[in-house]
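This report concerns only the one structure given below.
All of the numbers you see were taken from the coordinates with simple rules; none came from a lab. Predicted, not measured: the structure shown is a model, and the values here were computed from it. FYI the Cβ positions are ideal-geometry reconstructions off the backbone, even for glycines, and counts take in every protein chain you see.
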Amino acid sequence: MDELTVLTFNLRGAYIPDGLNAWPNRADQVVDLLRREDPDLVGFQEAQQGNLDLLEEAFPEHGWERGPEYNNRVPFAWPAVRWNPDRLRKVEAGGFWLSTTPERHSGDWETNCIRSALWIRFQLLPDGPEFVHLNTHLDHISGKARLEGSKVILEKLSPFARLGLPLLLTGDFNAGPESDVHGLFREEGFADLFHATGGRDGPEVFTFHAFTGKRVPGEERIDWILSRPGKGWRWSARSHEILTDAKPPVYPSDHYPVRAVVRLGPESE
């Protein structure tokens with residue numbers, strides 16, 4: 001089987017006083033959702049120590065990588081990635097911060113919160129192609145920080161692009177599909193898998209819901225899965241879905257996770 005199930009999922013940090021929707025009250029829903037979906041690859045945002053302690057214990061058979069810590073102070077969060085080691089082999093991994101000094105914990109461009117990104121170079125098992133997955137979380141206040149941070153991401157991915165490796169991005173981009181950020185990635189050859197599977201944005205399409213299950217005024221579809229082909233290999237999206245599973249009034253997170261089923265196959269197919 002050469003299809004991969006990929007999720008992007010903003011977990012909402014474990015140490016935020018969310019009352020009824022505090023992490024201990026919704027953690028079981030997150031575990032149940034992940035077991036039910038059984039994804040091969042997940043990019044988590046806002047993964048704090050309390051989130052990861054529980055999830056790493058619940059899924060010890062999976063591979064985990066945390067990446068560079070972000071937020072301005074303790075408790076930090078990580079742009080963590082989880083993968084199925086029966087489907088994917090980690091070749092190498094690295095990370096950076098979204099700033100003018102990406103090698104250290106720092107922020108710029110009127111950012112409200114220091115942000116980071118994690119990349120992992122995978123091989124598709126048993127003897128398939130390699131690709132690079134990057135997971136990130138852009139600033140929620142400063143549009144300039146979102147755009148400039150995206151430029152840093154593209155710069156850091158450029159060596160892999162020159163090698164001809166296919167690219168896969170997951171993240172909470174805190175921007176809608178008509179934003180400069182989305183346009184920048186499109187210009188650089190990335191496809192939004194929601195659109196690639198025939199999805200059309202509109203007032204009823206959203207991912208952030210603030211623990212209400214309803215669209216927050218002014219909010220759009222801000223959690224994306226993007227792909228870009230490589231030399232001799234291309235992504236095809238089989239399906240894309242915003243997962244609204246919940247047991248109201250408690251929700252797994254204040255964001256709905258997003259799932260895509262993709263295939264990485266020869267360009268000639």
Exercise for the section: Would you mind computing, in nm to one decimal, how far apart the modelled labels at Glu155 and Arg104 are, each placed 7 Å from Cα along Cα→Cβ? Expected result: 1.6
Handout entry: Reported label for calculated P(r) over Cα pairs in 5 Å bins from 0, in percent given (1) 1, 6, 13, 19, 21, 18, 13, 6, 2, 0, 0; (2) 1, 6, 10, 12, 14, 14, 13, 11, 8, 6, 3, 1, 0, 0, 0; (3) 1, 6, 12, 16, 18, 17, 13, 9, 5, 2, 1, 0, 0
Key = (1)
Practice task
Could you tally up the Lys pairs in the chain with alpha carbons closer than 26 Å? Skip any pair fewer than 8 positions apart unless they're on separate chains.
Solution key: 7
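Assuming 0.36 nm per residue, please report the length gained on full extension of the stretch Glu219 to Glu187 beyond their Cα-Cα distance. Please report the intermediate quantities before stating the final value.
Working: separation 32, 0.36 × 32 = 11.52 nm, distance 2.34 nm.
Length gained, Glu219 through Glu187: 9.2 nm.
Among Thr244, Thr5, Thr170, which comes first, second and so on when ranked by fewest other beta-carbon atoms within 10 Å?
On the way: Thr244 12, Thr5 18, Thr170 28.
If I rank by nearby Cβ atoms, fewest first, I get Thr244, Thr5, Thr170.
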Problem - Bridge type composition, segment 1-132 - antiparallel percent by DSSP, nearest 5 - result: 80
Problem - Relative contact order of segment 57-119, defined on C-alpha pairs under 8 angstrom at six or more residues apart (%) - result: 34
Exercise for the section: Enumerate the residues in segment 148-186 having an amide nitrogen under 20 Å from the point lying 7 Å beyond the Cα of Asn72 toward its Cβ. Expected result: 148-149, 174
Practice task
Count the DSSP beta bridges whose two residues both fall in the chain, then state the antiparallel fraction as a percent rounded to the nearest 5.
Solution key: 80
Problem - Span-rule helices in the chain, defined as complete DSSP H runs reaching 18 Å or more along the axis (Cα) with Kyte mean at least 1.0 - result: none
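Between His195 and Val31, what is 0.36 nm times their sequence separation minus the Cα-Cα distance? Round to one decimal in nm.
Numbers: separation 164, 0.36 × 164 = 59.04 nm, distance 2.83 nm.
So the extension gain works out to 56.2 nm.
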Exercise for the section: Could you compute the FRET efficiency for Glu204 and Glu56, with r as their C-beta to C-beta distance and R0 at 35 Å, rounded to 0.05? Expected result: 0.50
Problem - Ranking of Glu130, Glu204 by count of other Cβ atoms within 10 Å, fewest first - result: Glu204, Glu130
Exercise for the section: With a Förster radius of 35 Å, plug the Cβ-Cβ distance of Glu269 and Tyr15 into 1/(1 + (r/R0)^6) and report the FRET value to the nearest 0.05. Expected result: 0.15
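Would you order His105, His137, His209 from fewest to most other beta-carbon atoms within 10 Å of each residue's own beta-carbon? Provide the component values of the computation, followed by the final result.
On the way: His105 15, His137 28, His209 18.
Least crowded to most crowded, the residues run His105, His209, His137.
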